[in-house]
Amino acid sequence: MYLIAGLGNPTREYDKTRHNVGFSVIDVLADRYRIDVSEKKHKALCGRGVIEGQKVLLVKPQTFMNLSGESLRAAADYYKIEPQDMIVIYDDISLDPGQLRIRLKGSAGGHNGIKNIIAQLGTQEFPRIKVGVGAKPPRMDLADYVLSRFSPEEQKQMDEAFREAAEAAVSMMTDGAERAMNHYNTKKKADE
């Protein structure tokens, strides 16, 4: 079984903000594969289903971003899922809006949700999909920026990125992470 987690903050107040792109990608997967992600379990909204023949648990932690690891740890322990069978999807301010970057391991890079997941799992070795939300404007507070919403033009671009990130997660399970990385990590450059 794979655990696919999209990071974000609960409550309507944070809906569709830059920090909640992980939730948006989970919504795409849930819609596409008809998985109901409404079961309240493991400090998260969860949904079990099958994607392209693979059993999956879709997870939207409800702990607020900085404690995302608590939710993932609880779900992983319950279902006996190893870190290499997790795919964590989250926002990245160092990537252009809509750009994807798949990694198999790495540091938190200043992302508090990832920092907490690393602390809870005791390893940096878990696959992840970073979804670019763009760099913060000069003189704007980082927290204000990641909790802001996209402009209508950006939102169109991001909707496409959410679909691509969902496809990337499926590709990681079905084709392997290396092939997914080769395809999605170079895609933006090829499109430019």
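The values are calculated or read from the model by the stated rules, or taken from the named source; none is laboratory data. Keep in mind that this is a model prediction, so the values were computed, not measured. Please note: Cβ atoms are built from the backbone with ideal geometry, for glycine as well, and neighbour counts cover all protein chains shown. Surface areas here come from the heavy atoms of the whole protein model, side chains and all, with no ligands, DNA or RNA. Shrake-Rupley method; radii C 1.70, N 1.55, O 1.52, S 1.80 Å.
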Mind scanning 16/40; 60/136; 115/156; 41/130; 136/156 and naming the pairs with a C-alpha gap bigger than 28 Å? 115/156
Test of understanding: extend the Cα→C-beta vector of residue 153 to 7 Å, then name every residue of region 112-138 with backbone N under 20 Å from that spot. 132-138
Would you mind estimating how fast region 29-141 diffuses translationally, via Stokes-Einstein at 4 °C and 1.567 mPa s with the Kirkwood radius over Cα pairs, in µm²/s? 87 µm²/s
Rounded to the nearest percent, how much of the accessible area of region 1-113 (1.4 Å probe, protein heavy atoms only) is carbon and sulfur? 44 percent
Accessible surface, the chain, averaged per residue in Å² (probe 1.4 Å): 49 Å²
Rg/Rg_globular for the chain, with Rg_globular taken as 2.2 N^0.38 Å and Rg from C-alpha atoms: 0.93
Out of 77, 141, 91, any idea which swings most in a Gaussian network model of the chain, alpha carbons joined below 10 Å? 141
Globularity index of region 76-159, i.e. its alpha-carbon radius of gyration over 2.2 N^0.38 Å: 1.22
